[in-house]
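The values are calculated or read from the model by the stated rules, or taken from the named source; none is laboratory data. Note that this is a predicted model, so its numbers are computed, not measured. Methodologically, a virtual Cβ is constructed for each residue, glycine included, from the backbone with ideal geometry; neighbour enumeration extends over all protein chains shown.
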Amino acid sequence: MQPLALCPTRRREADRALGNLVGTTEDVIRLRAAVPEDAPAIAAIYAPFVRDTTISFETDSPDAKEIARRMVSSPLYPWIVAVDESDEILGYCYATSFRARHSYRFSVETTVYVKPSAHRRSVGRRLYELLLATLERQGFTQAIAGIAVPNEPSVGFHEALGFVQAGLYRQVGYKLGGWRDVGVWQRPLAEPRDPPGEPKPFDPQLLR
């Protein structure tokens, strides 16, 4: 499938926002659907963000078993990994339900994490472009990203990919010794229809 179109300036902004400047032509990165066997590597990438930052509001790092459970908990939502030529996982992204009540089912919350050693390789942008395009093909109409602020790199990354700020929750989380605000960024996906069609379950073939 074709990635979402970004003009060169916006593409460079997205790359800079997460330190992901485009790599060399020899830099081979492949994107594929995640499988439960990827859970240990995904858990290892995620753990420092839980332990050391306010990027995630979890306080206990989930183990591989819990990550695998989350991955297979719903047939609707994609999990995608980026791997290098040796099949090492460099980063991952996924979507989840935005809210539990049924009327929210056309919107999704999106997330991406990249291991620090894989920065400057466009991993985050490549993952997110494919995730957003896949969600659009599935028929979801809105992507929502919650960002603990201040976090200028994440804000810049999302805005370069078409997200706009939709709101701010003040002092809604307490982590690492302080109260944290969370901003909400939103991006349209598929065109809303009236009446709406149901989103399609995720199929790895949508990534091709």
Members of segment 187-208 found to be surrounded by 10 or more Cβ atoms within 10 Å (Cβ to Cβ), within 15 Å of residue 129 (Cα to Cα) and not small (Gly, Ala, Ser), listed by number: 187, 188, 189, 206, 207
Hits in segment 103-118 (condition: more than 18 Å from residue 72 (Cα to Cα), crowded, with 17+ Cβ neighbours inside 10 Å and not aliphatic (A, V, I, L, M)): 106, 107, 113, 115
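Given the criterion closer than 19 Å to residue 183 by Cβ, without any contact (Cβ under 8 Å) to a residue 24 or more places away in the chain and in contact with a Leu (Cβ under 8 Å, 6 or more places away or on another chain), identify the matching residue among 112, 108. It would help to see each step written out before you state the result.
Numbers: 108 fails: without any contact (Cβ under 8 Å) to a residue 24 or more places away in the chain.
The match here is 112.
Hey, does segment 118-133 have a residue that's touching a Phe, Trp or Tyr at 6+ places or on another chain (Cβ under 6 Å) and hydrophobic (A, V, I, L, M, F, W, C)? Show your work before the answer.
Residues of segment 118-133 touching a Phe, Trp or Tyr at 6+ places or on another chain (Cβ under 6 Å): none.
So far as segment 118-133 goes, no, none of its residues is touching a Phe, Trp or Tyr at 6+ places or on another chain (Cβ under 6 Å) and hydrophobic (A, V, I, L, M, F, W, C).
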Search segment 164-181 for residues being surrounded by 12 or more Cβ atoms within 10 Å (Cβ to Cβ) and in contact (Cβ under 8 Å) with a residue 60 or more places away in the chain, and hand back the single one that is farthest from residue 106 (Cα to Cα). 175
First in segment 36-51 and under 20 Å from residue 174 (Cβ atoms), second anywhere and at pLDDT 95 or above and loosely packed, with under 15 Cβ neighbours inside 10 Å, Cβ under 6 Å, 6 or more apart: 50/58
Suppose we filter 37, 66, 85 for residues that are of a type in the set (D, E, K, R), more than 28 Å from residue 193 (Cα to Cα), surrounded by fewer than 18 Cβ atoms within 10 Å (Cβ to Cβ) and out of contact with any helix residue (DSSP H, G or I) (no Cβ under 9 Å at 6 or more places or on another chain); which single one remains? 85
Strands (runs of 3 or more DSSP E) enclosed by segment 52-121 - at least 2 residues per element that are touching a Lys or Arg at 6+ places or on another chain (Cβ under 8 Å), more than 21 Å from residue 149 (Cβ to Cβ) and not charged (D, E, K, R): 79-83, 89-97
I want to confirm something. Restricting to segment 119-152 and keeping residues that are modelled with pLDDT under 95 and out of contact with any helix residue (DSSP H, G or I) (no Cβ under 9 Å at 6 or more places or on another chain), which single residue is nearest to residue 54 (Cα to Cα)? 119
Considering residues that are free of Cβ contacts under 8 Å to residues at least 60 places away in the same chain and more than 12 Å from the chain's Cα centre (by Cα), the number found within segment 133-151 is 6
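Regarding residue 100, is this residue surrounded by fewer than 17 Cβ atoms within 10 Å (Cβ to Cβ) and either small (Gly, Ala, Ser) or closer than 25 Å to residue 139 by Cβ (or both)?
Against the criterion (surrounded by fewer than 17 Cβ atoms within 10 Å (Cβ to Cβ) and either small (Gly, Ala, Ser) or closer than 25 Å to residue 139 by Cβ (or both)), residue 100 qualifies.
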Hey, among 173, 178, which residue is of a type in the set (Gly, Ala, Ser), touching a Lys or Arg at 6+ places or on another chain (Cβ under 7 Å) and more than 24 Å from residue 74 (Cβ to Cβ)? 173
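Here's the yes/no breakdown for (1) under 16 Å from the mean Cα position of the chain (by Cα); (2) at pLDDT below 95; (3) among the polar types (S, T, N, Q):
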residue: 76; (1), (2), (3): yes, no, no
residue: 79; (1), (2), (3): yes, no, no
residue: 82; (1), (2), (3): yes, no, no
residue: 88; (1), (2), (3): no, no, no
residue: 91; (1), (2), (3): yes, no, no
residue: 96; (1), (2), (3): yes, no, yes
residue: 103; (1), (2), (3): no, no, yes
residue: 106; (1), (2), (3): no, no, no
residue: 109; (1), (2), (3): yes, no, no
